[in-house]
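Okay, structure first, notes after.
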């Protein structure tokens, strides 16, 4: 073999190896990303303007709460006064499975009172807000009305409207933005902590955009609002391709797969199955002790999946929620296409489960109201499934409302 041929073969092999490696890259490394996180803009440009202000902070490890030491250092350096904290559903460190049972506790990280907003009356929350001169809100949202952080945002904005309180929202890219506004709206009698925001089930917005929308459309811009955007992001980019890391907003959404599965599987919290809470795969596993022959259930669901996802049998034992400590037979959701239709999957999944396990299947209740009615915002999805209505027929009941909402929501896009 001559030297030229040997060199050609070597270079060709080397090039193919590099191409092969790049084809296997599943996400852009953050070091190679042009994205500017809102936290960096906040610390560099916004926080200096809060000097001398008493600040109410709302965060957890999906926001600046991931680094409490930096909060202490930066706030002290800029002369900003951290005076109070708002406790979200899963606690300051995002580790708690359920709501704190006390309206206020002492946070050991900052040695400050932390108010658990879901335990406060409207009057009590107003008193807490009035003690502050600025609110800093920084958590990862899901772009879903039923994800409680959106309700927290709304309640704090309601309490701040018309008052001399600066309201700063550090924005995050939502994993469901590409879906746009989808689903029905909350009707009178179905408002709850998982359903107060005036939007369809999927907002199609980031939390920052949702704040702008709510302030303009419902509060007549009475909130002194500033949204700190994610720099260099272009709408439509996936978080992986943009190089945006996933910072866990709650113990049950540890990664993007579970977050995307949540779009559809959250509605299983309205029926008598476990959704994998208290396992290594929340919102990936679901099942119950009575779910016999899960392989047959998977086979039926897979036929209508259009190869956008598939289900495989699994056995698990949850340590929290329904069927705690019991061996559950069920399915694992494996996502293939991030652009799948979660509402269609939800509808077909529950309809199929109800037919196949008619003796054991049951709708669950929160107090006197069916859980799924609270999640959906009214009783229509449960009624349609009970009556055997086809999904395409069911969606006609809210399509016009979706279109009207989306036309308004686009006015508040930041990306």
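Anything in region 300-334 that is part of a strand (DSSP E or B) and surrounded by 18 or more Cβ atoms within 10 Å (Cβ to Cβ)? List them, or say none.
Answer for region 300-334, where residues must be part of a strand (DSSP E or B) and surrounded by 18 or more Cβ atoms within 10 Å (Cβ to Cβ): 309, 311, 314, 316, 328, 329, 330, 331, 332, 333.
Could you please give the count of residues in region 347-368 that are part of a loop (DSSP other than H, G, I, E, B), free of Cβ contacts under 8 Å to residues at least 40 places away in the same chain and closer than 23 Å to residue 305 by Cβ?
Result for region 347-368: 1.
Go through (1) over 24 Å from residue 248 (Cα atoms); (2) buried (at least 24 other Cβ atoms within 10 Å of the Cβ) one by one and return the number of the condition residue 133 breaks.
Result: residue 133 passes all but (2).
Based on this model, can you work out whether residue 120 counts as in contact with a helix residue (DSSP H, G or I) (Cβ under 9 Å, 6 or more places away or on another chain) and buried (at least 22 other Cβ atoms within 10 Å of the Cβ)?
No.
Kindly provide the set of residues from region 320-366 that are out of contact with any helix residue (DSSP H, G or I) (no Cβ under 9 Å at 6 or more places or on another chain) and within 26 Å of residue 195 (Cβ to Cβ), ordered by number.
320, 323, 324, 362
Can you tell me which condition residue 210 does not meet? The list is (1) within 19 Å of residue 372 (Cβ to Cβ); (2) part of a helix (DSSP H, G or I), and all the others hold.
(1)
Among the candidates 117, 81, single out the residue that is at pLDDT 90 or above and in the same structural domain as residue 45 (by TED's automatic domain parsing).
81
Being part of a loop (DSSP other than H, G, I, E, B), touching a residue at least 60 places away in the same chain (Cβ under 8 Å) and on the phi < 0 side of the Ramachandran plot narrows it down to one of 154, 164, 188, so name that one.
None of the other options fit; the residue is 164.
Please verify whether residue 197 is farther than 21 Å from residue 42 by Cβ and either touching a strand residue (DSSP E or B) at 6+ places or on another chain (Cβ under 7 Å) or without any contact (Cβ under 8 Å) to a residue 12 or more places away in the chain (or both), treating the condition exactly as stated.
no
Of everything in region 272-283 that's touching a strand residue (DSSP E or B) at 6+ places or on another chain (Cβ under 6 Å) and modelled with pLDDT of 95 or more, which residue is nearest to residue 357 (Cα to Cα)?
The qualifying residue nearest to residue 357 (Cα to Cα) is 273.
Report yes if some residue within region 300-310 is in contact (Cβ under 8 Å) with a residue 40 or more places away in the chain and within 23 Å of the chain's Cα centre (by Cα); otherwise report no.
Scanning region 300-310 turns up no residue that is in contact (Cβ under 8 Å) with a residue 40 or more places away in the chain and within 23 Å of the chain's Cα centre (by Cα).
Of 248, 206, which residue is out of contact with any helix residue (DSSP H, G or I) (no Cβ under 8 Å at 6 or more places or on another chain) and buried (at least 18 other Cβ atoms within 10 Å of the Cβ)?
Answer to the selection: 248.
What number of residues within region 371-398 satisfy the criterion of being surrounded by fewer than 18 Cβ atoms within 10 Å (Cβ to Cβ), more than 12 Å from residue 187 (Cα to Cα) and in contact (Cβ under 8 Å) with a residue 60 or more places away in the chain?
Qualifying residue count, region 371-398: 1.
Looking only at region 253-276, filter to residues that are crowded, with 22+ Cβ neighbours inside 10 Å and not in a helix (DSSP H, G or I); which one of those is nearest to the chain's Cα centre (by Cα)?
If we take residues in region 253-276 being crowded, with 22+ Cβ neighbours inside 10 Å and not in a helix (DSSP H, G or I), then 253 is nearest to the chain's Cα centre (by Cα).
Quick test of your reading of the structure: residue 338 fulfils all but one of (1) touching a strand residue (DSSP E or B) at 6+ places or on another chain (Cβ under 7 Å); (2) part of a loop (DSSP other than H, G, I, E, B); (3) under 23 Å from residue 183 (Cβ atoms). Name the failing condition by number.
If we test residue 338 against (1) touching a strand residue (DSSP E or B) at 6+ places or on another chain (Cβ under 7 Å); (2) part of a loop (DSSP other than H, G, I, E, B); (3) under 23 Å from residue 183 (Cβ atoms), just (1) comes out false.
Can you pull out every residue in region 130-165 that is over 22 Å from residue 195 (Cβ atoms) and touching a strand residue (DSSP E or B) at 6+ places or on another chain (Cβ under 9 Å)?
The answer is 131, 132, 133, 134, 135, 136, 138, 163, 164, 165.
The values are calculated or read from the model by the stated rules, or taken from the named source; none is laboratory data. Note that the structure is a prediction, hence the values are computed from the model and not measured. When we count neighbours, we look across all protein chains shown, and the Cβ atoms used for this are built from the backbone with ideal geometry, even at glycine.
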